[in-house]
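The values are calculated or read from the model by the stated rules, or taken from the named source; none is laboratory data. Only a predicted model underlies this, so the values are computations on that prediction, with no experimental measurement involved. Positions of Cβ are generated from backbone atoms using ideal geometry, with glycine treated the same way; all protein chains shown enter the neighbour counts. With ligands, DNA and RNA removed, areas are computed over all heavy atoms of the protein, side chains included. Shrake-Rupley method; radii C 1.70, N 1.55, O 1.52, S 1.80 Å.
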Amino acid sequence: MNLSVFGLGYVGVVSAACLAKDGHIVIGVDPNATKVDLINEGHSPIIEAEVEGLIAQAVGDSRLRAIADAASAVAQSEISLICVGTPSQPNGSLDLCYVRSVCNEIGAAIASESRYHVVVMRSTMLPGSMRDVVLPALQEASGKTAGRDFGVAINPEFLREGTAVQDYRNPPKTVIGCADARTGEIVQSLFKGLPGPMITTDLATAEMVKYVD
C-alpha cells in the first residue's frame with residue numbers, strides 16, 4: 001500500500017520505518033529540510049534502537065523517501081498518517097496548531113482527489129479533538145464529507161522511547177477508531193500481521209483509550 005506519514009518526529013519516524021519494513025511504500029512529509037534530507041540519505045533524524053538500520057534498508061530498497069510537499073504526498077498515497085507533535089501549553093492543555101495545519105493541507109489536497117483517501121490520526125490528543133478539530137478542518141478544507149468522500153480514523157500509538165520498534169511489533173492491543181466500516185477495514189489491513197487483539201470502535205472511544213492508558 002502507498003502511505004504518507006506527516007511529521008517526522010518520534011512517532012512519525014518509527015511508524016514510517018516499521019511500515020516500510022512491512023513492505024509498504026512510504027513517503028515521509030515534514031517542512032524541516034534537515035529531517036527530509038536525513039531520511040533521503042538513509043539516516044534517522046531521531047535516536048532510537050533499530051530505527052537507523054530500518055531506514056537505511058527501506059531507502060535502499062526504494063520503499064521510503066521524504067518530501068516537504070503535502071499535496072504531492074497525498075496524490076501519491078492511499079492513506080495519510082498524521083504524527084505531528086501536540087506540545088503542552090502553559091495551562092497544561094495540548095496545542096493542536098500543527099494538527100490543524102496538517103489537516104488543512106491534507107484536506108486541500110483531497111479536494112482534487114477522486115479516489116477514496118483515508119486520513120489516520122496517530123498524534124496524541126485529548127478526547128473530543130477528532131470532533132472539534134480534525135473533522136471540521138478536513139471537511140472545510142476539502143469541501144467533502146468524512147465517511148462518504150474520504151475516510152477518517154484514529155489509531156493511538158503505545159510506543160516507549162528506547163523500545164519503540166519492539167513496542168510497534170508487539171503491541172498490547174491495536175485500537176482503530178473510525179466512523180465507517182470501509183475505513184476500518186482499510187486501516188486494519190495495515191496492522192493485520194501484529195499480535196494482540198485488534199479493537200475497532202468509534203472515534204471518541206479510541207481517543208479515550210489512549211487518554212486513559
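From the set of residues in region 47-74 that are polar (S, T, N, Q) and either open to solvent by 50 Å² or more (accessible area, probe 1.4 Å) or in contact with a Lys or Arg (Cβ under 6 Å, 6 or more places away or on another chain) (or both), which is farthest from residue 11 (Cα to Cα)? It comes out as 62.
Screening residue 77 with (1) in contact with a helix residue (DSSP H, G or I) (Cβ under 9 Å, 6 or more places away or on another chain); (2) of a type outside the set (A, V, I, L, M); (3) buried (at least 22 other Cβ atoms within 10 Å of the Cβ) gives one miss only, at (1). Apart from one condition, residue 126 fits all of (1) without any contact (Cβ under 8 Å) to a residue 40 or more places away in the chain; (2) open to solvent by 60 Å² or more (accessible area, probe 1.4 Å); the exception is (1). Sort through 62, 77, 72 and tell me the only one that's closer than 18 Å to residue 109 by Cβ, in a loop (DSSP other than H, G, I, E, B) and at pLDDT 95 or above. Of 62, 77, 72, the one residue that is closer than 18 Å to residue 109 by Cβ, in a loop (DSSP other than H, G, I, E, B) and at pLDDT 95 or above is 77. Residue 15 passes all but one of (1) outside any helix (DSSP H, G or I); (2) in contact with a strand residue (DSSP E or B) (Cβ under 9 Å, 6 or more places away or on another chain); (3) of a type in the set (Ser, Thr, Tyr); which number fails? Failing condition for residue 15: (1). Considering the conditions (1) under 27 Å from residue 180 (Cα atoms); (2) at pLDDT 95 or above; (3) small (Gly, Ala, Ser); (4) touching a Gly at 6+ places or on another chain (Cβ under 8 Å), residue 85 is excluded by exactly one of them, (2). Of all residues in region 182-213, those that are open to solvent by 20 Å² or more (accessible area, probe 1.4 Å), within 17 Å of residue 130 (Cβ to Cβ) and without any contact (Cβ under 8 Å) to a residue 40 or more places away in the chain total 6.
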